[in-house]
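Structure, as structure tokens:
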Amino acid sequence: MIKIFPPNDSLKNFVLFFHMFHWTKKKSDPIIKHRCLPTGCSFLGFQREGSMQVVIENLIIHPSKYYLNAQTTVPYFMQTHTNNFKAMVACLKPTSIYHLFKINPTELVDASQNPRDLFGDLFNEFESKFLEEQNPFRQFLLVQRLITDQIKRADPKLNMIDIAIDYIIIKEGKLKVKDLVSYLNVSERHFQKKFKSVVGITPYTYIQIIRINFIFSYLRSTNLKDCKNISAFSNFYDVAHFSKVFKNFMGIPPSEFNIDEFPFLKLTAVEQALWITPFQALMEKHH
């Protein structure tokens, strides 16, 4: 089960949306495990009941009850051994960690951190109320208030990387780094360095992540038989190039992919286009 909540107006430059999900394990299942894709978003998560692990390649990460993640660059699995797992997550714009906490998010790529120290005294007051509150919607309001207070404290100023992110989304990832440099009228060396210090990954990697997400948002069938049209539509050099990039993100070639085997991915990335919906709204705003 997934519920989506939009941010209030004061958060829209930093939060794309909030979502809550609830997994219930069947008695016959020893574990709940779902494949996930890199999304280009950052995540501030609050585990409300049970606990989860994140499996990236051969590494098992045990996020703290509250966790912050900048970017994920490879496919990963979310899993839980608990009978019930509930979590609330703020899906952040990729520049938000830099803006809200004045830190370089590089160390939070394919990793997570407890955000307690980053919020400081604001977190202590938040946590006591969050733990006492049983109503999920009022918990959501508490999370929203925590981020709002941090924005007021940080007084962030948007910069050229925010402009670059918006432009990448508008172009659906169908562009090159040199196109961004030309659009912003800056030196490539300066842009590359600034982008990584704000987002945590290189602009090339981020562009590829967004392009793959848009491909998944357009899928409406249970397979990828029409690779030729998809590769052309998404500006890949050819089918071989598309297949290589797809395999890097999914771990399997398009010919072996069946969305029905990935129910969580199907729900989030394909049928409802959960991750991409805020980006599409951003596109509409610019058109």
Those residues that are assigned to a loop (DSSP other than H, G, I, E, B), crowded, with 17+ Cβ neighbours inside 10 Å and not aromatic (Phe, Trp, Tyr), I need them from segment 1-21; list them, please. 7
Confirm whether residue 96 is surrounded by fewer than 18 Cβ atoms within 10 Å (Cβ to Cβ) and of a type in the set (Ser, Thr, Tyr). no
Could you please give the count of residues in segment 25-39 that are within 24 Å of residue 257 (Cα to Cα), out of contact with any Leu (no Cβ under 6 Å at 6 or more places or on another chain) and either surrounded by 18 or more Cβ atoms within 10 Å (Cβ to Cβ) or not acidic (Asp, Glu) (or both)? 8
Here are the criteria: (1) closer than 29 Å to residue 252 by Cβ; (2) β-branched (Val, Ile, Thr); (3) surrounded by fewer than 19 Cβ atoms within 10 Å (Cβ to Cβ); (4) at pLDDT 90 or above. Tell me which single one residue 89 does not satisfy. (3)
Give the residue, chosen from 25, 102, 86, 33, that is among the charged types (D, E, K, R), in contact (Cβ under 8 Å) with a residue 24 or more places away in the chain and farther than 28 Å from residue 141 by Cα. 33
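Here's the yes/no breakdown for (1) crowded, with 19+ Cβ neighbours inside 10 Å; (2) polar (S, T, N, Q):
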site: 23; (1), (2): yes, no
site: 41; (1), (2): yes, no
site: 49; (1), (2): no, no
site: 65; (1), (2): no, no
site: 72; (1), (2): yes, yes
site: 83; (1), (2): no, yes
site: 102; (1), (2): no, no
site: 114; (1), (2): no, yes
site: 122; (1), (2): no, no
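The values are calculated or read from the model by the stated rules, or taken from the named source; none is laboratory data. Since the model is a prediction, treat every value here as computed from it, not as a measurement. Virtual Cβ from ideal backbone geometry, glycine too; neighbours counted across all protein chains shown.
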